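In what follows, a structure is listed as structure tokens, so that the remarks can point back to it.
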Amino acid sequence: MKQIRVRNQQRRFSVVSKEIRKVTILLMDELRETSAYDLTIVFVNETRMAKINLEHLHHGGATDIITFDYTTPALLHGELIICPVVASEHADQYQVTLGHEIARNIIHGVLHLLGYDDSKSIVLENMKRAENRLLQKLARRFPLDTLSHG
């Protein structure tokens, strides 16, 4: 099974579901060579993200991405909840486009599903290196600016 679903439940930023699906398939099939996956990517507003963050992680406020991992030995399975408002703030901070930051969020979520951890500084460095490598490879093969308009 190879399945990607994209749902946009926010209105502030334009996200292009078709392009999000394409870039995620490229990431999974060609860059990670994943044989079986079922991913849902959901874009939410900051109010909804803050609620999810509090309910599930007991953290206050909105964050850029939360990953729910349902992976089994036979299937990489998860849900990536992304908040474009927070992603846009990070894009401005790092002087990249929102499309670039959304791609980073997707990679970050997939790495969590693959077992990467960002809870401690030593393992966070490993995760950031893997994230940066994949983002560079992805950017060479796909126009990341097409993931969002505006």
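The values are calculated or read from the model by the stated rules, or taken from the named source; none is laboratory data. Everything numeric here is computed off the predicted structure, so don't read it as measured data. Positions of Cβ are backbone-derived with ideal geometry, glycine not excepted, and every protein chain shown enters the neighbour counts. Ligands, DNA and RNA are excluded from the accessible area calculation, which covers all protein heavy atoms including side chains. Shrake-Rupley method; radii C 1.70, N 1.55, O 1.52, S 1.80 Å.
Might you check whether a residue that is among the aliphatic types (A, V, I, L, M), out of contact with any strand residue (DSSP E or B) (no Cβ under 7 Å at 6 or more places or on another chain) and either modelled with pLDDT of 95 or more or within 23 Å of residue 8 (Cβ to Cβ) (or both) occurs anywhere in the range 116-124?
no
When the residues of the range 32-76 are filtered to those that are assigned to a helix (DSSP H, G or I) and among the aliphatic types (A, V, I, L, M), which remaining residue is surrounded by the fewest Cβ atoms within 10 Å (Cβ to Cβ)? Step through it out loud before you land on a result.
Taking the range 32-76 as the starting set, the residues that turn out to be assigned to a helix (DSSP H, G or I) are 46-57.
Remaining after also requiring among the aliphatic types (A, V, I, L, M): 49-50, 52, 54, 57.
Numbers: 49: 25, 50: 18, 52: 19, 54: 13, 57: 10.
This residue is 57.
Working carefully through the options 65, 52, find the one that is under 12 Å from the mean Cα position of the chain (by Cα) and hydrophobic (A, V, I, L, M, F, W, C).
65
Output the residues belonging to the range 3-23 that are in a loop (DSSP other than H, G, I, E, B) and surrounded by fewer than 16 Cβ atoms within 10 Å (Cβ to Cβ).
Scanning the range 3-23 gives 9, 11, 12.
Would you say residue 26 is part of a strand (DSSP E or B), of a type in the set (A, V, I, L, M) and closer than 27 Å to residue 149 by Cβ?
Taking the combined requirement at face value, the residue does not satisfy it.
Which numbered condition trips up residue 79, out of (1) touching a residue at least 12 places away in the same chain (Cβ under 8 Å); (2) crowded, with 20+ Cβ neighbours inside 10 Å?
Every listed condition holds for residue 79 apart from (2).
Please verify whether the range 7-25 includes one or more residues that are touching a residue at least 40 places away in the same chain (Cβ under 8 Å), over 13 Å from the mean Cα position of the chain (by Cα) and over 16 Å from residue 102 (Cα atoms).
no
Which residue, of 103, 130, 91, is over 22 Å from residue 17 (Cα atoms), open to solvent by less than 10 Å² (accessible area, probe 1.4 Å) and either in a loop (DSSP other than H, G, I, E, B) or out of contact with any Lys or Arg (no Cβ under 8 Å at 6 or more places or on another chain) (or both)?
Matching residue, one of 103, 130, 91: 130.
Could you list, ordered by first residue, the pairs with Cβ atoms under 7 Å in which the first is in the range 91-115 and closer than 15 Å to residue 38 by Cα and the second is among the acidic types (Asp, Glu), at least 6 apart or interchain?
Filtered contacts from the range 91-115: 107/131; 111/131; 112/69; 113/69.
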